[in-house]
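S.K.: Would you mind keeping the following structure in view while I ask a few things?
The values are calculated or read from the model by the stated rules, or taken from the named source; none is laboratory data. Not measured: the values here are computed from a predicted model. Backbone-built Cβ (ideal geometry, glycine too); neighbour counts: all protein chains shown. SASA here: full protein model, heavy atoms, side chains in, ligands and nucleic acids out. Shrake-Rupley method; radii C 1.70, N 1.55, O 1.52, S 1.80 Å.
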Amino acid sequence: MMTFAQRLRALKKGKGVSYSRMEKETGISIAMLYRYASDRTEPRLSYLIWLADYFGVTTDYLLGWED
């Protein structure tokens, strides 16, 4: 099962976006995105929903709870 951090990195790579672009498009700071991607922390619910919407996936998928 993939972790949230692994899913986030894979989705970012698949979409071909930079952290800078993600910051501009989601409103989540680059520092926080790096923390998420390095598995130092997980997002609060509102950010999780924004990221799932941004990538067009469910929150369960993003959290690694479903394939």
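S.K.: Looking at the range 54-67, I want the residues that are without any contact (Cβ under 8 Å) to a residue 24 or more places away in the chain and have a partner that is open to solvent by 60 Å² or more (accessible area, probe 1.4 Å) and outside any helix (DSSP H, G or I) with Cβ atoms under 6 Å, at least 6 apart or on another chain. Which pairs are those?
M.R.: Short answer, once both residue conditions are applied: Asp60/Glu66.
S.K.: Also: Kindly evaluate Leu45 against the criterion of being of a type in the set (A, V, I, L, M, F, W, C) and open to solvent by 70 Å² or more (accessible area, probe 1.4 Å). Let's see the steps before the verdict.
M.R.: Working: of a type in the set (A, V, I, L, M, F, W, C): yes; open to solvent by 70 Å² or more (accessible area, probe 1.4 Å): yes.
So Leu45 fits the description; yes.
S.K.: Hey, another quick one. Collect the residues in the range 33-42 that are within 10 Å of the chain's Cα centre (by Cα) and either open to solvent by less than 60 Å² (accessible area, probe 1.4 Å) or over 18 Å from Met2 (Cα atoms) (or both), keeping them in residue-number order.
M.R.: Leu33, Tyr36, Ala37
S.K.: Applying the selection to the range 1-54, what residues are among the acidic types (Asp, Glu) and under 15 Å from Trp65 (Cα atoms)? Spell out how you get there, then give the answer.
M.R.: Taking the range 1-54 as the starting set, the residues that turn out to be among the acidic types (Asp, Glu) are 23, 25, 39, 42, 53.
Within the range 1-54, Glu42 is the sole residue that qualifies.
S.K.: Which one of these is among the basic types (Lys, Arg), open to solvent by 50 Å² or more (accessible area, probe 1.4 Å) and within 17 Å of Thr58 (Cβ to Cβ): Lys24, Lys15? Please lay out each step first, then the result.
M.R.: Working: Lys24 fails: within 17 Å of Thr58 (Cβ to Cβ).
Every option except Lys15 fails the conditions.
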